[in-house]
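The values are calculated or read from the model by the stated rules, or taken from the named source; none is laboratory data. As the structure is a computational prediction, the values presented were derived from the model and not from experiment. Cβ placement follows ideal geometry from the backbone for every residue including glycine, while neighbour counts extend to all protein chains displayed. In case anyone asks, the SASA skips ligands and DNA or RNA and just uses the protein heavy atoms, side chains included. Shrake-Rupley method; radii C 1.70, N 1.55, O 1.52, S 1.80 Å.
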Amino acid sequence: MAIGEVSHTGNMKIILLFGLVAAVLAEVKNFDGEKVFRLMPTTDDHVLLIKELANNVKLDFWRPDSVDLVTIDMAVDFHVPLAHTDIVYTMLQQSGMKMGVLIEDLQAEMEEHLDSRDINPRAHSYTKYNTWDTIQAWIASISSSNPELISRQVIGNTYEGRPMNVLKIGRKSSSTKPSIFMDCGIHAREWISTAFCQWFVKEALSTYGTDSEMTSLLNQMDVYVLPIFNIDGYDYTHKTNRMWRKTRSAQSGSSCIGADPNRNWNAGWCTTGASPNPCSDTFCGSAPESEIEVKNVADFIRRNKSSIKAYLTIHSYSQLLLFPYSYTFALAEHHNELMAVAKGASNVLRSLYGTEYTSGPGAATIYPAAGGSDDWAYDLGVKYSFTFELRDTGRYGFLLPESQIKPTCEETMLAVKYIASHVQKNLY
Ligand SMILES: [Zn+2]
């Protein structure tokens, strides 16, 4: 082949590549000038007004998870599309409701929250919000370079065909060890959650053999880590819409995409705090486990039910440590023990940087919501079932700056190790 032809092909490739980059860039949703409001409804009229606004304007609820969950005396955070900012602001002002602006310009905040100073291109960064491609490469390399402590298995593919890898961390044993299952990134936009699972794996590997608590844990137990649960959604938040929450599955009879993977479990499914409307951010799905990612994880936990003693699921934001139940106000059979563990874990978490957590059963502590993974795991027989809602309490919300990844992960590690240690002491 002549040199000219090679270079011509090369040019064509470059031109094609630029074309692709331009096409991808063009698709990215822009949030210039869009605001996030914080409201404090204190009367039924206030709640009614919020519901009316939500009926007429596409509000993106940050907290609670949807408009249906709004009640009086609760902090309500939502993001308003630019075209409706003025009317929403005016109506709220006229209502006399206590309100403030959490984020003045969502696009600016989105750019500012990527403030990591970690620029070493050779090492995986644990203080950045990594893309799915980067995390996928990390999963492969960290498991192959630590074969004595990590093994990995693909538990199935996502809706769009991405492999769901579970890392099993622990000293190799010929017999089945008791275990803990932990997942991150059920909700796509909760990036700090995904960062935590990577941090946990790094810490487990680097402190095994020096930290007595971690060494004992990994000698006696295995920890299964699913670094990203909702990979399709996570990839979408990086490439197209930073505020995406749900899965990316097509829904029959609707042009809306995805279901809420934390409303899709067979635990009081869709009875409360979840929506049957495919366009809602808390859509429960067409049936329990309709979302393939939920089915894959549920199948894995069912298969390993006899060994799994604890289930931990990491979300953000609000600084909460929750346990069953969320689908009912009834107290869990092990309520007192779970409450004591949650309080102990919150105390040890606070000891590092003073971060305050609230703990308790989901329904009573925030609001009733059915179809959550923690309730499902608990009813399956996994007694130590906890949901973390990491930093913060709303200043940055889902846009927690990268500079907070390290302290957030450090304090969360203390709480996770506290729970693990309790589980280890109470193996049955
Ligand atoms: Zn979440």
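Count charges around G209 for me, please; just the other residues with Cβ under 14 Å from its Cβ, Lys/Arg as +1, Asp/Glu as -1.
Residues near G209 contribute -3 overall.
Treating only the Cβ of Lys, Arg, Asp and Glu as charged (+1, +1, -1, -1), what charge dipole size does the chain show about its Cα centre? Round to the nearest 20 debye.
On the way: 38 positive and 48 negative charges, 265 e Å.
Roughly 1280 debye for the chain.
Looking only at L321, L312, L59, which one moves most when the chain is put into a Gaussian network model with springs between Cα atoms under 10 Å?
Most flexible of the set in this elastic network: L59.
Averaged per residue, what accessible area in Å² does the chain show with a 1.4 Å probe, protein chains only?
Result: 42 Å² per residue.
Which ³J(HN,Hα) values in Hz, rounded to whole numbers, follow from the phi angles of the range 258-274 under the Karplus curve 6.51 cos²θ - 1.76 cosθ + 1.60, where θ = phi - 60° and Gly and Pro get x?
Per residue, the Karplus-derived 3J(HN,Hα) values read x, 10, 7, x, 10, 10, 9, 8, 7, 9, x, 2, 6, 8, 7, x, 9 Hz.
What Cys residues in the chain are without a partner cysteine, judged by a Cβ distance under 4.7 Å?
C409
Using Cα positions and a limit of under 18 Å, work out the lysines in reach of K177, with same-chain residues fewer than 8 apart set aside.
K168, K305, K309, K383, K417, K425
Which one of D115, D260, D77 has the biggest mean-square fluctuation once the chain is modelled by GNM with Cα springs under 10 Å?
D115
Under the rule a/c < 1.5 gives rounded, and otherwise a/b versus b/c splits prolate from oblate, where does the range 132-425 land using the Cα gyration tensor?
Taking the square roots of the gyration eigenvalues as a ≥ b ≥ c, the range 132-425 is rounded.
I need the peptides 385-391, 400-406 ranked by packing, meaning the mean over residues of other C-beta atoms within 10 angstrom, with the highest value on top. Please list the in-between numbers first.
On the way: 385-391: 25.0, 400-406: 18.7.
With the highest mean Cβ count within 10 Å placed first, the list reads 385-391, 400-406.
Which whole-number percentage describes the relative contact order of the range 225-293, with Cα contacts under 8 Å and a sequence gap of 6 or more?
Relative contact order comes out at 26 percent.
Of T43, S66, V101, which is farthest on the positive side of the dipole of the range 35-112, counting Cα position, with +1 on Lys and Arg Cβ, -1 on Asp and Glu Cβ, and the Cα centre as origin?
The residue sitting most towards the positive pole is T43.
With every protein chain kept in the model, how would you rank M164, M74, M99, M91 by accessible area, 1.4 Å probe, largest at the top?
M91, M99, M74, M164
Could you compute the net charge surrounding E160? Neighbours are other residues with a C-beta less than 11 Å from the C-beta of E160; K and R count +1, D and E count -1.
-1
Among the DSSP beta bridges whose two residues both lie in the range 132-425, what percent are antiparallel, rounded to the nearest 5?
The antiparallel proportion sits near 35 percent.
Using the Karplus curve 6.51 cos²θ - 1.76 cosθ + 1.60 with θ = phi - 60°, work out ³J(HN,Hα) for each residue of the range 60-75 in order, rounded to whole Hz, and write x for Gly and Pro.
Here the 3J(HN,Hα) series is 9, 6, 9, 7, x, 5, 7, 4, 4, 8, 6, 9, 6, 6, 10, 5 Hz.
Most fluctuating residue of Y384, Y327, Y89 in a GNM of the chain with Cα springs under 10 Å: which is it?
Y89
Give, as a single signed number, the net charge of other residues whose beta carbon lies under 15 Å from the beta carbon of G394, with Lys and Arg counted +1 and Asp and Glu -1.
Local net charge: -2.
Keeping every protein chain in place, order C409, C270 by accessible area at 1.4 Å, biggest value first, i.e. largest first.
C270, C409
Relative contact order for the chain: what percent, with Cα pairs under 8 Å and sequence separation of 6 or more?
Working: 826 pairs, mean separation 67.2, N = 428.
Worked out over the chain, it gives 16 percent.
Got the relative contact order for the range 116-193 handy, in percent, Cα pairs under 8 Å and 6 or more residues apart?
19
Could you check how much of the accessible area of the chain is carbon and sulfur, as a whole percent, using a 1.4 Å probe?
54
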